[in-house]
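Report on the following structure.
The values are calculated or read from the model by the stated rules, or taken from the named source; none is laboratory data. Predicted, not measured: the structure shown is a model, and the values here were computed from it. Glycine also receives a Cβ, built like all others from the backbone with ideal geometry; neighbour counts cover every protein chain displayed. The area values use the complete protein model at the heavy-atom level, side chains included, leaving out ligands, DNA and RNA. Shrake-Rupley method; radii C 1.70, N 1.55, O 1.52, S 1.80 Å.
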Amino acid sequence: MVTQVILPRILQIGEGASQQLPQVLASLGCSRPLIITDKMMVKLGYTQTIQDCLAASGLSADVFDDTVPEPTVSSIQAGVAKVRDGDYDSIIALGGGSPIDSAKAISILGKFGGVMRDYKFPRIVNELGLPIIAIPTTAGTGSEVTKVTIITDESNDEKMLCVGVGFMPLAALVDFNLTLSLPKRTTADTGIDALTHAMEAYVSQKASLYTDGQAIAAMRLIGPNLRRAFHDGTDKHARERVMLGSTLAGIAFSNASVALVHGMSRPIGAAFHVPHGLSNAMLLPAVTEFSIPAAAERYADCARAMGVASEQDSTDVANSKLMAELYALNDELEVPTPELFGIDRDEFFRLLPTMAEQALQSGSPGNNPRVPSADEIIELYKKLW
Ligand SMILES: [Fe+2]
């Protein structure tokens, strides 16, 4: 079997990596960047820090800061217009997954025109848009190293999955310093998202030896450090490991796909506006329990990599420890149930058939070691209550 691996051309990893932006731009032959970010990054001063860093090298950059969480077709329109009317040679995508996902869409639409629906899966977008230098501030969605973006069509609440090398950033600057002041809730949600990426890539039917290595390394970094980062955001040791783990998990799932957790998570996000990492966290224990019988050894490897089971533990013992850990982690990271989050129970149950259908249509459940029927997906959703 041949595995295709797609990565950014440059990965700059470690404390202070974001300050090396001018050199990275120069090495890519870029000098007229547009910063794409959100209002929070401006408010927290991150955008100014990047602009100061550019100014010290004689560069300046315009800013588009109107990206929103869970980006939609209309939320990126003004950014597309700015790229079309401007004379930019690159995009600096600064922020969590949403600004980076928005930047990917703007890069393609700004250069090639059309509407987002034209680019949605199963089309593979191989066109190269405006070069993107991604600077993630969460750990994370992994968007800085994935060839995927998700843009919601607000006319029908569809989360359109768009895939192809055209969406891969040309460079990513992975600087854990930018995560030191992340709020606890964001640390937890994005951290569990990253852990889910690693686990799903490892058990995916599209896993390869290459992605296995990245996924296991990611679990080793995230498993013992996520609680530490959650309880003490200034813990640099933990932040550095969760950040790198998130990037490696991104590399793993970008090349091995995600599976049932993500497939079931997107419809919850679209219907009830639950943050992506949080809906993953709600689903991870139940979906793992459902999937273990089809990939028991693989899940036992996950438990060992996360540091909750030992090499001496049998597969069954390791998997019991894995399940206990997933419940304990949700508890300690204060993951709410759908009810506590504020989802209306009747509405949730009414939408179950639609959500199950959307989950199956996304293709992700087909990568799961145990491929569920629509009825089984509905039963899994019910277990969240
Ligand atoms: Fe995710």
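Worth pointing out:
- Within region 176-190, the set of residues being open to solvent by 40 Å² or more (accessible area, probe 1.4 Å) and not β-branched (Val, Ile, Thr) comprises ASN177, LEU180, SER181, PRO183, LYS184, ARG185.
- Set SER181, SER208: member being of a type in the set (Ser, Thr, Tyr), away from the ligand (no atom under 16 Å from the Cβ) and at pLDDT below 95: SER181
- Looking across region 282-303, just one residue is more than 16 Å from the ligand (Cβ to nearest atom) and polar (S, T, N, Q), and that is SER291.
- Residue within region 212-228 that is more than 20 Å from ALA300 (Cα to Cα), assigned to a helix (DSSP H, G or I) and more than 11 Å from the ligand (Cβ to nearest atom) present: yes
- Residue-level analysis places LEU173 among those that are open to solvent by less than 10 Å² (accessible area, probe 1.4 Å), away from the ligand (no atom under 16 Å from the Cβ) and outside any helix (DSSP H, G or I).
- Any chance THR196 is within 15 Å of the ligand (Cβ to nearest atom), closer than 19 Å to ALA295 by Cβ, in contact with a helix residue (DSSP H, G or I) (Cβ under 8 Å, 6 or more places away or on another chain) and assigned to a helix (DSSP H, G or I): yes
- Taking every residue in region 359-385 that is assigned to a helix (DSSP H, G or I) and pairing it with any residue that is open to solvent by 40 Å² or more (accessible area, probe 1.4 Å) and modelled with pLDDT of 95 or more, at least 6 positions away or on another chain, the pairs with Cβ-Cβ distances below 6 Å are ASN367/GLN205; ASN367/LYS206.
- Taking region 58-73 as the range and being open to solvent by 70 Å² or more (accessible area, probe 1.4 Å) and touching a residue at least 12 places away in the same chain (Cβ under 8 Å) as the test, the residues that pass are ASP62, ASP66, PRO69.
- Test: residue in region 225-244 that is at pLDDT 95 or above, of a type in the set (Gly, Ala, Ser) and under 17 Å from the mean Cα position of the chain (by Cα): no
- GLY250 being in contact with a Ser or Thr (Cβ under 7 Å, 6 or more places away or on another chain), open to solvent by less than 20 Å² (accessible area, probe 1.4 Å) and under 26 Å from THR354 (Cα atoms): no
- Of SER257, SER279, all but one fail to be in contact (Cβ under 8 Å) with a residue 40 or more places away in the chain, within 16 Å of the ligand (Cβ to nearest atom), touching a helix residue (DSSP H, G or I) at 6+ places or on another chain (Cβ under 7 Å) and of a type in the set (S, T, N, Q); the exception is SER257.
- Any chance LEU44 is over 21 Å from the mean Cα position of the chain (by Cα) and within 18 Å of LEU173 (Cα to Cα): no
- Taken residue by residue, region 71-90 has no member that is under 30 Å from LYS236 (Cα atoms) and among the β-branched types (Val, Ile, Thr).
- Residue count for region 232-277, restricted to those that are touching a Lys or Arg at 6+ places or on another chain (Cβ under 8 Å) and farther than 30 Å from VAL371 by Cβ: 4.
- Residues of region 102-119 satisfying the condition of being out of contact with any Asp or Glu (no Cβ under 7 Å at 6 or more places or on another chain), open to solvent by less than 30 Å² (accessible area, probe 1.4 Å) and not small (Gly, Ala, Ser): LYS104, ILE106, LEU109, MET116, TYR119
- The residue that is least open to solvent (accessible area, probe 1.4 Å), among those in region 145-165 that are more than 13 Å from the ligand (Cβ to nearest atom) and outside any strand (DSSP E or B), is GLY164.
- Among the conditions (1) surrounded by fewer than 24 Cβ atoms within 10 Å (Cβ to Cβ); (2) assigned to a loop (DSSP other than H, G, I, E, B), the only one that ALA324 does not satisfy is (2).
- Consider region 128-144 and keep the residues that are in a strand (DSSP E or B) and away from the ligand (no atom under 16 Å from the Cβ). The one that is nearest to the chain's Cα centre (by Cα) is ILE135.
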